[in-house]
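Worksheet: one structure, shown below.
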Amino acid sequence: MTSHATQADAACGKSRWQAWRILILLLAGAGLLASPDFVLAQTASKSKSKKSDAPQPAGPRDYSSANFLVHTDLPEAEANDLLKRLETMLTLISKYWGRPNKQTIEMFVVRDLAVWPPNSLDPVGREMIQQKAGITMSTGTVNRQTGKLLAAKARVYAIADRGVPQHEAVHAYCHQMFGHAGPTWYAEGMAEMGHCWRDGESRVHCLPIVVKYLRGSEPKPLLAIVNSRDQTGDSWQNYTWRWALCHLLANNPNYYDRFRPLGLGILADQPDATFERVYGSMSKEIAFEYLFFLQHFDLGYEVTLTAWDWKTKFRHAMPKAPIVCTVEANRGWQASRVIVRKGEEFEVSAEGSWTLSADSPELSPFGVELPNQKPPEKPAPAKKTVTSKRNLKTEALEELPSIIRDESPFKSGQLVGVLFNDYELSEPFAIPADGSFVAPGEGQLFLRCEDAWNRLADNKGKVSLKFKLKTDN
Ligand SMILES: [Zn+2]
């Protein structure tokens, strides 16, 4: 026995919300499902639609590739470019979910509604496009007894902005392959990730407006994102929180091993595939890293380099048994192994040096330029070797602009410390060059080489440190 189901994922202005309520009621009455929403990418549509000098075609034409059939009024070159981007994205997401796409994804991608003949678009799709947004509508049959998806066909209607078609294409793939796209936080977070993904890269590639919004907002509690039952009336701002959480969980080595199976469980409708079940035991750690990400990320930020070290054991230093650790220039906060009490005085020795980019001078652990020594051997100049498990790229990556100005009070290359205590961080402080350090508070001491948080990957070098508790004598 089968039933008919329709899923709709829409992006619309707030004024449309009433209309949507009516539509949902109508669909619900007919035994259908609908989950309209906003699409973050719509915010980009004003800024970057490319003006082509080529004459505009008179109306929509069809373009197809291995996995897509696109009806669009875009000029041929742009249409082909879009197809290429969609294919690349689909390769990435289907690889991620381990399910090669099996069915053509049909899309209506519109730049200028005026050149589309009447009746050439579904009225709901047309509405969404008028709102400069997108919608994925799918029809399908499911076995009512097993709940198993028998067939589904999705259609995307999207404004011709690169972000919107790609966002909607992720939904279309999920609907056709799995019958749905999961709870809102997952469906929208992953769809937003879809148009930001780059092969083999974990750097942040989102829209600048996302950085500005998230860095300038009071952080939304993690559980408020995950537990929200709000499937519908929503804002592009909410998409950014979901994206941030999905980006963190999908890329941070502390969490990504569980995130993919969780996603597959969600898409397979397994009842135990919930955020709480999978991550409940790590919820404090995730909340901490999520907050940290929101406070420090920018374009180019890599969670692989800044993942928190939850494993290293800490202890109190003794006068006769110094604690030794190493701090790498290209990582975020690193465990010193030392627990400190407020006012404790340490003798610190630091050996080593670092550089903050391929062509910058060598610096001491206190950010002081070192006198030119013999030229270092250069085995592989200008190549970036990021030591993260996920980053397989070896060629130099283009530098992404910073959206937020780095306002650190410390000198670049300065060894800086912070105290971690019950999932909270102290204000950072410089480790003084004179070899004497007085703990400003209580907690586990973490250390790093001062540099912009989104510019860590090109740093080289490391520093070895020794902490010895000073005795009164
Ligand atoms: Zn969506």
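Just so you know, all these numbers are worked out from the coordinates, no wet-lab data involved. Predicted, not measured: the structure shown is a model, and the values here were computed from it. Note: ideal-geometry Cβ built from the backbone for every residue, glycine included; neighbour counts use all protein chains shown.
Points worth noting:
- Taking θ as phi - 60° and the Karplus parameters 6.51, -1.76 and 1.60, the scalar couplings of region 286-295 work out to 5, 4, 5, 6, 5, 4, 4, 4, 4, 7 Hz in sequence order, x denoting glycine and proline.
- Neighbour cut-off at most 15 other Cβ (10 Å), DSSP loop, trypsin sites (Lys or Arg not before Pro), region 396-461: R405, K411
- Placed amide H near S353: partners under 5 Å, 5+ positions off or other chain: K462
- Chain lengthening between I209 and T471 when straightened (0.36 nm per residue, less Cα-Cα): 89.1 nm
- Rg/Rh (Cα only; Kirkwood hydrodynamic radius) as it applies to region 75-146: 1.04
- Separation in nanometres of the label points that stand 7 Å from Cα toward Cβ, at N421 and S349: 3.0 nm
- Candidates per trypsin sites (Lys or Arg not before Pro) in region 146-236, loop by DSSP, up to 15 other Cβ within 10 Å: K148, R198, R229
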